[in-house]
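**Q** Starting off with a structure, shown below.
The values are calculated or read from the model by the stated rules, or taken from the named source; none is laboratory data. These numbers were taken from a predicted model, which means no experiment stands behind them. In this analysis, Cβ positions are derived from the backbone assuming ideal geometry, glycine residues included, and neighbour counts consider all displayed protein chains.
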Amino acid sequence: MTKYEKALLDMISFAEGTLGVSNNGYDVTVGFFTINGWTNDTDIKHGEMDWYNKELNSTAAGRYQIISGTWKEVLGSNLPMTKTNQDFAATTLINIKLKSTFIDNRSVDITNLEDKTQFDIMLSKLSSTWSSIPLTKTYTDGKGVTRVSGNSYYDDKKTSNSPNKLFQIYKKALSAY
C-alpha cells in the first residue's frame with residue numbers, strides 16, 4: 001500500500017469517526033458498538049443484518065464503515081473482517097471511485113492530493129461511498145435532484161467534516177508516512 005493510500009485511509013477513518021476508537025476502528029460497527037472478540041486476523045465475518053442499526057438505517061462496520069452489500073461486492077463474498085481485508089476493501093473502493101466519472105468527470109492523481117483542487121475532486125468522487133465526506137461541487141443527478149456542495153451526497157445535510165478540515169487531516173497523515 002502506498003503512503004497516499006494510507007493517508008486517504010486515515011482521512012476516511014477520521015471522517016467516519018473511527019480513527020483511534022477501540023482497535024483503531026477495525027472492530028467498530030455503526031453507532032460505535034464494538035465487535036466482541038475481534039482481532040487483526042479475526043475469522044468474524046461482516047454481521048450483515050445482525051449488525052443493522054435501525055436508528056441510522058445502516059449495516060456499516062469496521063474502520064471505514066463499509067455496509068454489508070458493498071463489503072461482499074468488493075471482496076466477492078463475505079470474507080472475515082480482518083484488518084487486511086478492511087484495508088483492501090477500502091483501497092479498492094477508493095480506486096474504483098477515483099476512476100469513476102459519476103459526480104465529477106475530472107481525473108484525479110492520487111500522488112497529487114496535496115493540490116487542493118485535486119483533493120476536492122477526490123472528495124466529491126468519494127462522497128457517494130462515504131456519507132461523512134462532503135461534496136465539493138453542486139451536483140444534479142439524472143432525476144433532477146440537486147445535491148449542494150459541502151453537504152453529504154446522501155441526505156443533503158452538512159457533514160460534520162468540512163473539505164478544509166479533511167484536507168488538513170490528509171496532509172497530516174501523509175506527512176507521517
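**Q** Any idea which residue in the range 1-19 is surrounded by the fewest Cβ atoms within 10 Å (Cβ to Cβ), counting only those that are modelled with pLDDT of 95 or more and assigned to a loop (DSSP other than H, G, I, E, B)?
**A** Step by step, filter the range 1-19, then rank; the result is T2.
**Q** Output the qualifying pairs, or none if there are none: Cβ atoms under 6 angstrom, residues six or more apart or on different chains, first residue in the range 55-78 and among the aromatic types (F, W, Y), second residue modelled with pLDDT of 95 or more.
**A** Y64/I12; Y64/A90; W71/H46
**Q** Anything in the range 99-124 that is surrounded by 17 or more Cβ atoms within 10 Å (Cβ to Cβ), of a type in the set (V, I, T) and not in a loop (DSSP other than H, G, I, E, B)? List them, or say none.
**A** I121
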